[in-house]
1. Measure nothing fancy, just the Cα-based angle from helix 6-17's long axis to the longest principal axis of the chain, in degrees from 0 to 90, nearest 10.
2. Taking only the alpha-carbon positions of the chain and ignoring solvent, what does the Debye formula give for the base-10 log of I(q)/I(0) at q = 0.07, 0.10 Å⁻¹?
3. Using the Cα centre as the reference, give the magnitude of the dipole from point charges on the C-beta atoms of the range 206-257 (Lys, Arg: +1; Asp, Glu: -1; all else neutral), rounded to the nearest 20 debye.
4. List residues of the range 278-293, by number, whose backbone nitrogen lies under 19 Å from a label position 7 Å along Cα→C-beta of R251.
5. Please report the carbon-and-sulfur percent of the accessible area for the chain; probe 1.4 Å, protein heavy atoms only, DNA, RNA and ligands left out.
6. Placing unit charges on C-beta atoms (Lys and Arg positive, Asp and Glu negative, everything else neutral), compute the dipole magnitude of the chain about its Cα centre in debye, rounded to 20.
7. Find how much the distance from T146 to Q112 grows on full extension, using 0.36 nm per residue of separation minus their present alpha carbon separation; answer in nm with one decimal.
8. As an exercise, find the ratio Rg/Rh for the range 199-257 from alpha-carbon atoms, using the Kirkwood inverse-distance average for Rh.
Amino acid sequence: MELINKERLWETVHALAAITIEGKPWTRRSFTAKYNEGREWLKNQMQDIGLEVEVDAAANVIGRLIGTEPNLPSIVIGSHTDTVPDGGRFDGIAGVLAGLEIVQSLKEQNIQLKHTIEIVDFTAEEPSEYGLSTVGSRAWSGNLTTEMLSYTNADGQSLAEAISFAGGNPKEINKCLKEKDEIALYLELHIEQGPVLINKNANLGVVTGIVGIQRFKIFVDGLPNHAGTTPMDMRNDALTAASEMTLAIERIAGKKYEQPVVGTVGVFNNFPNASNVVPGKVEFQVEIRSISEEVIDQVASQFLSEANSIASRRNVGLKTEKVSRSKAIIVRDEIKHLLENSCRTVTDKVIELPSGAGHDANQMSLLAPVGMIFIPCKDGRSHCPEEWAEKEDLYLGTKALLSAVLEFSK
Ligand code: GLV
Ligand code: MN
Ligand code: MN
């Protein structure tokens, strides 16, 4: 019996991917009108399949297929439908739509499971304009604090306001909190976003662990002045100081540690950003990732100490602010085995690998056992318009995910 409809799955992925800002493939930033449009499309799909649809206080979109023993904790299959700016067509939506295909197939074949299955599009998994990522899954795990709800975007709008715009109710965010016994298992299918599966000629990957992520905002305060009249030795240039700090994180994270680590400056704003003004102010963001919490701490503390020395030597002000920290996770052996066996029902080219990308699974691991299946990523490229997965691999990954659900719910 062919349970997964390969063509339908492929079509739904491309239908949702096509809901993108015009002229900016592939962009559906969280808390924008396009994002809401994509989620309306998703809710309609869920309704058409006959799922019970809910938008919770954190604006998470949930489609429920009720099991024959509704008092059992549910199986949650989730991911996200927001993208980075100029992102790809698979990051996030592949996982949500694989889940949707699974419940649609189960319904069509009249297969009733004991467990209720919830398909969840978690709100704002990517770093949002408010600085925070995994917003929706944080609300479930209890890691969305009141302080975080007051984070603002460049226009001064708060994250709480943005959640309302997305259809949530930030005043009732605590209602999203899940008890530890509410979820039996969390599963997520995702494009690998790196080159490992392709290089090893594997069809599917079972994720062994997911990196932790530490993000900082860094504020450098110099003295804006005339670029023509201020001598080189009389400047307090915020940009050159921030540039030196950027090179410092590259150097520090590039050293050898007991586990691999990466450090990136991906947001960098210079003020007033005029060719004839010595930069007076720079705000930038640093993120550090590793599967080892200790290594993240080591790199972070060395970076902060060097940033302080650079600031005092260059005579500029420095303020650092922790934006977020998500903990690294290790996938439990029994879940790895479940997924490994499920993957092997569809292909023998299966390997294990850790995830350098963060996922909603990080937050979900605080509530339930989690497992992830990766599908290969063309040229290892992701978070860019060229991101690509093959139809066959998406199909195999979804079949494997379904097989895991059936086995778990037996
Ligand atoms: C999510 O895509 C992340 O790893 O930042
Ligand atoms: Mn992403
Ligand atoms: Mn993702």
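1. Compared with the principal axis, the helix lies near 30 degrees.
2. -0.35, -0.68
3. Values: 6 positive and 5 negative charges, 72 e Å.
Computed about the Cα centre, the dipole is about 340 debye.
4. 286-288
5. On the way: 8500 of 17470 Å².
Carbon and sulfur atoms account for 49 percent of the accessible area of the chain.
6. Details: 41 positive and 56 negative charges, 130 e Å.
My answer is approximately 620 debye.
7. On the way: separation 34, 0.36 × 34 = 12.24 nm, distance 4.01 nm.
Gain on stretching T146 to Q112: 8.2 nm.
8. Ratio of gyration radius to Kirkwood radius: 1.28.
The values are calculated or read from the model by the stated rules, or taken from the named source; none is laboratory data. In this text the structure is predicted, and so the values were computed from the model without any measurement. Quick reminder, even Gly has a Cβ in these numbers, built from the backbone with ideal geometry, and neighbours come from all protein chains shown. Surface accessibility is based on the protein's heavy atoms, side chains included, excluding ligands, DNA and RNA. Shrake-Rupley method; radii C 1.70, N 1.55, O 1.52, S 1.80 Å.
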